[in-house]
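All of the numbers you see were taken from the coordinates with simple rules; none came from a lab. Because the structure is a prediction, the values reported are computed rather than measured. With ideal geometry, Cβ positions are generated from the backbone for all residues, glycine too; neighbour counts draw on all protein chains shown.
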Amino acid sequence: MPEGHTIHRLAADHFERFGGRAVRAASPQGKFADGAALVDGQVLEAAEAHGKHLFLGFAATGWVHIHLGLFGKLGFGTTPAPPPTDTVRLRLLNERHYADLRGPTACALVTDADKQAIHDRLGPDPLRADDDGERAWRRISRSRTSVAALLMDQKIIAGVGNVYRAEVLFRHGIDPYRLGRDLTRSEWDAIWSDLVVLMREGVRNNRIDTVRPEHEPEAMGRPPRVDDHGGEVYVYRRAAQPCHLCGTDVRTAELAARNLFWCPGCQTR
Ligand SMILES: [Zn+2]
């Protein structure tokens, strides 16, 4: 499942390619044919993300709300666009660019009020300029749930996925099984501001890097990580490999339906 930085990046990519101009829209697969017909010929006036939700704003028709879910994909290309395959739920097209959406969990036209209801269900997003960690803290500080599970709960904090959760807890030395209510205010503030920095960098680089400069491969004289996922990380998908800092084997366990990774040597707080 893509994490929030990917969705914010997709919002920016849409606006860069299609913003301020009329787009052609079609649903070759047919499932969004009515919506695409309404959007066709309209001007894309806004593109924004909240957590893992993407919103494309067409003033005359409302918003196209997209959630990629586990299997959804959005791909961009330049014209001439190839004939779309019948798996494309939504194709947007102008003179220079096209975007193909396949396999999303959600792709629907929504009103301003529907969109607001989605925002209201979601927690603050470290990548939204007007959000802060306050609302999340109110829930976390009262919770008997582990901080690792809370970080994955989109109602509490939106956009954090499996990689950022594992890495931010490592960076702050926090035991993932610690209960929300046992976290201190200063620990939470440090986690929130670190997520803001890490996730902004994720949007910029289009990948997740969480390793501090002094722990990068060159600085430590170690080989770089080889993984489809890309960037340098401390614990994510490094189960049974030695921790870069203390040498303890990184551990894994299932938590909140996803694999959690942590270093029992470093994460003792
Ligand atoms: Zn360690």
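Things worth noting here:
- Length released on extending from residue 85 to residue 113, taking residue separation times 0.36 nm less the Cα-Cα span: 6.7 nm
- Sorting 236, 177 by the number of Cβ atoms found within 10 Å of their own Cβ, with the fewest placed first, yields 177, 236.
- Each other residue within a Cβ distance under 15 Å of residue 240 adds +1 if Lys or Arg and -1 if Asp or Glu, for a net charge of +2.
- Interchain or long-range residues, amide H under 5 Å from residue 42's placed H: 23
- Debye-formula intensities of segment 184-269, expressed as log10 I(q)/I(0) at q = 0.10, 0.18, 0.22 Å⁻¹, are -0.28, -0.97, -1.36 (one equal scatterer per alpha-carbon, no solvent).
- In terms of overall dimensions, the chain has a Cα radius of gyration and Dmax of 20.2, 58 angstrom.
- Spacing of the two label points (7 Å from each Cα toward its C-beta) at residue 268 and residue 132, in nm: 3.4
- Each peptide in 129-136, 214-221, 55-62 gets a packing score, the mean of other Cβ atoms within 10 Å over its residues, and the list from highest to lowest is 55-62, 129-136, 214-221.
- Radius, Kirkwood style, for segment 96-197 when every pair of distinct Cα atoms is counted (Å): 15.0
- Debye equation applied to the C-alpha atoms of segment 4-121, log10 I(q)/I(0) at 0.17, 0.21 Å⁻¹: -0.76, -1.24
- Lysine pairs in the chain with Cα atoms under 21 Å, if 8 or more residues apart or on separate chains: 6
- Label-reachable residues, segment 1-35, where backbone N falls under 11 Å from a point 7 Å from residue 46's Cα toward its Cβ: none
- Using a Förster distance of 45 Å, the FRET efficiency for residue 189-residue 60 (Cβ separation, nearest 0.05): 0.60
- Across segment 43-53, rounded Karplus estimates of 3J(HN,Hα) from the backbone phi angles (6.51 cos²θ - 1.76 cosθ + 1.60, θ = phi - 60°) give 8, 6, 9, 7, 9, 9, 10, 9, x, 9, 9 Hz, Gly and Pro being marked x.
- Coordinate range along principal axes, alpha carbons of segment 1-44, Å, largest first: 30, 26, 12
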